[in-house]
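Below: the structure, in structure tokens.
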Amino acid sequence: MYLGAQLFTDSEYEQRLTRVREMMDRQGLSAIIVTDPANIFYLIGYNAWSFYTPQMLFVPVDGEMVFFAREMDAHGAHRTTWLAEDQIVGYPESYVHRPHVHPFDWVAWALRQRFLIAPASKGSVGLEMDSHFFSPKAYRALYNAIPEWKLVDNFELVNWVRSVKSDAEVQLMRQAGMVCSEAMRAAIDTIDVGVRQCDAAAAISQAQITGTDDFGGDYPAIVPMMPTGAAADTPHLTWHQGTFVEDEAVVIELTGAHKRYHCPLARTVSLGKPSKDLDYVANATAEGLNNVLDTIRPGVATRELASTWNWTLAKYGLEKPSRLGYSIGIGYPPDWGERTISIRTEDETILETNMTFHIVCGMWMDDYGFELSESVRVSPTGVETFTSFPRELIRK
């Protein structure tokens with residue numbers, strides 16, 4: 001019996017499952033095994049820090065879903081998921097972190113006891129082969145224990161269903177955007193000459209979790225990132241205990257998270273007068289981002305956004321080899337991206353209303369860098385940004 005405050009309506013969860021099953025049918029799948037915690041959360045609302053041990057949601061094309069988790073986690077799973085008690089199954093603690101057995105050995109037996117193996121044998125069974133939490137050992141356990149199944153990659157099936165948000169999801173992302181704004185303000189206010197980087201990270205983290213008076217923050221899928229000075233020529237660096245120094249630039253990439261929905265944002269702070277090169281790149285980047293935002297609307301191919309960006313940079317004699325952005329929404333460590341749509345010239349995905357993206361205009365040069373990003377929603381008439389910080393180099 002569900003004891004928590006259900007995040008979405010029964011109707012929305014039914015619609016999600018219907019769309020998943022429609023895609024399963026198109027791919028010839030009789031069942032899928034869902035191991036990505038973001039996809040599990042999307043389908044049944046389950047939310048706990050239990051994904052470091054194997055867990056799965058069995059989704060047949062017909063019939064009831066079954067969620068399998070470690071026994072101690074399954075015991076309280078009803079507190080966040082709407083599934084009935086008999087659809088939540090805990091595997092024994094004796095299977096946790098053992099060298100010669102895997103929890104999915106037991107899960108395979110449990111599926112057989114429930115007479116779920118044969119119906120799923122009528123077609124292929126799709127696996128999330130690129131999930132962060134589906135290991136080769138997990139695959140081997142299923143392969144060996146259920147020889148009747150033809151195991152195939154489902155190619156991020158649930159992730160693709162997630163790419164178009166409901167209005168209720170969009171509202172949660174707006175609230176995550178408010179949390180994000182508080183975190184970015186804390187970063188900009190705290191970062192200064194002589195301040196330790198770890199103290200700035202602490203201020204950001206406090207703001208991320210505190211959120212606003214109306215919307216508390218959630219733990220983020222990725223920690224604050226702060227490449228600084230010459231090290232800003234490399235993305236994804238975090239912090240250390242050293243202090244910020246005069247005439248260095250600090251790249252800040254962080255997120256607001258609310259009820260697992262994420263809204264990332266990046267800005268760059270110059271402590272003192274920026275170099276001519278940094279100022280030049282900052283102006284080019286800001287123009288490029290504004291041009292991209294002006295291009296966004298339903299019916300446009302994502303490759304058009306990348307082309308707009310590339311043409312703007314080319315005017316300045318610059319280029320960015322990496323992708324321009326990606327689809328976002330629900331996030332669990334270690335990533336807030338959905339691992340589906342990438343904004344680059346090879347992507348033919350057509351934009352739809354309520355798709356949401358992190359547009360990342362990161363320029364990693366030699367011995368310096370500049371990053372400017374926005375989290376956005378494709379609106380019926382164009383684009384909605386989830387935050388409203390100036391799109392420029394911030395000088396302190």
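The values are calculated or read from the model by the stated rules, or taken from the named source; none is laboratory data. If you're wondering where the values come from, they're calculated on a predicted model, not measured in any experiment. Positions of Cβ are generated from backbone atoms using ideal geometry, with glycine treated the same way; all protein chains shown enter the neighbour counts. Just the protein is used for accessible areas: all its heavy atoms, side chains included, with ligands, DNA and RNA removed. Shrake-Rupley method; radii C 1.70, N 1.55, O 1.52, S 1.80 Å.
Before we move on, is Gln208 assigned to a helix (DSSP H, G or I), of a type in the set (S, T, N, Q) and free of Cβ contacts under 8 Å to residues at least 60 places away in the same chain? Give the derivation first.
Working: assigned to a helix (DSSP H, G or I): yes; of a type in the set (S, T, N, Q): yes; free of Cβ contacts under 8 Å to residues at least 60 places away in the same chain: yes.
Considered against the rule, which asks whether it is assigned to a helix (DSSP H, G or I), of a type in the set (S, T, N, Q) and free of Cβ contacts under 8 Å to residues at least 60 places away in the same chain, Gln208 comes out as yes.
Rundown of residues vs (1) within 23 Å of Asp218 (Cα to Cα); (2) part of a loop (DSSP other than H, G, I, E, B), yes/no style:
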position: Leu7; (1), (2): yes, yes
position: Leu17; (1), (2): no, no
position: Val20; (1), (2): no, no
position: Ala31; (1), (2): no, no
position: Trp49; (1), (2): yes, yes
position: Asp62; (1), (2): no, yes
position: Val107; (1), (2): no, no
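Could you tell me whether any residue of the range 180-190 is in contact (Cβ under 8 Å) with a residue 40 or more places away in the chain and in a loop (DSSP other than H, G, I, E, B)? Don't jump to the end; show me each part of the working.
The first filter runs over the range 180-190 and keeps only residues in contact (Cβ under 8 Å) with a residue 40 or more places away in the chain, leaving 180-184, 187-188.
Now narrow it down to the ones that are in a loop (DSSP other than H, G, I, E, B): none.
No.
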Take Ala120 and decide whether it is open to solvent by less than 60 Å² (accessible area, probe 1.4 Å) and in contact with a helix residue (DSSP H, G or I) (Cβ under 6 Å, 6 or more places away or on another chain).
no
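Restricting to the range 279-330, name every residue that is assigned to a strand (DSSP E or B) and either charged (D, E, K, R) or crowded, with 18+ Cβ neighbours inside 10 Å (or both). Walk me through it before giving the result.
Taking the range 279-330 first, the residues assigned to a strand (DSSP E or B) are 301, 325-330.
Gly325, Tyr326, Ser327, Ile328, Gly329, Ile330 - these are the residues of the range 279-330 that are assigned to a strand (DSSP E or B) and either charged (D, E, K, R) or crowded, with 18+ Cβ neighbours inside 10 Å (or both).
Going residue by residue through the range 115-126, is there one that turns out to be without any contact (Cβ under 8 Å) to a residue 12 or more places away in the chain, under 29 Å from the mean Cα position of the chain (by Cα) and not in a loop (DSSP other than H, G, I, E, B)? Working first, answer last.
First pass over the range 115-126, keeping only residues without any contact (Cβ under 8 Å) to a residue 12 or more places away in the chain: 115.
Applying the additional criterion that residues be under 29 Å from the mean Cα position of the chain (by Cα) yields none.
Among the residues of the range 115-126, not one is without any contact (Cβ under 8 Å) to a residue 12 or more places away in the chain, under 29 Å from the mean Cα position of the chain (by Cα) and not in a loop (DSSP other than H, G, I, E, B), which makes the answer no.
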Boolean, Thr53 is polar (S, T, N, Q) and either open to solvent by less than 10 Å² (accessible area, probe 1.4 Å) or without any contact (Cβ under 8 Å) to a residue 60 or more places away in the chain (or both)
yes
Output the number of residues of the range 141-179 satisfying the condition of being out of contact with any helix residue (DSSP H, G or I) (no Cβ under 9 Å at 6 or more places or on another chain) and more than 24 Å from His258 (Cα to Cα).
6
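So, Asn154, is that one open to solvent by less than 40 Å² (accessible area, probe 1.4 Å), touching an Asp or Glu at 6+ places or on another chain (Cβ under 8 Å) and over 30 Å from Pro380 (Cβ atoms) or not?
Details: open to solvent by less than 40 Å² (accessible area, probe 1.4 Å): yes; touching an Asp or Glu at 6+ places or on another chain (Cβ under 8 Å): yes; over 30 Å from Pro380 (Cβ atoms): yes.
For Asn154, the condition - open to solvent by less than 40 Å² (accessible area, probe 1.4 Å), touching an Asp or Glu at 6+ places or on another chain (Cβ under 8 Å) and over 30 Å from Pro380 (Cβ atoms) - is met.
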Please list, ordered by first then second residue, the pairs with beta carbon atoms under 6 Å, 6 or more apart or interchain, first in the range 223-249 and without any contact (Cβ under 8 Å) to a residue 60 or more places away in the chain and outside any loop (DSSP other than H, G, I, E, B), second among the β-branched types (Val, Ile, Thr) and surrounded by 17 or more Cβ atoms within 10 Å (Cβ to Cβ).
Thr228/Val250; Glu248/Thr228
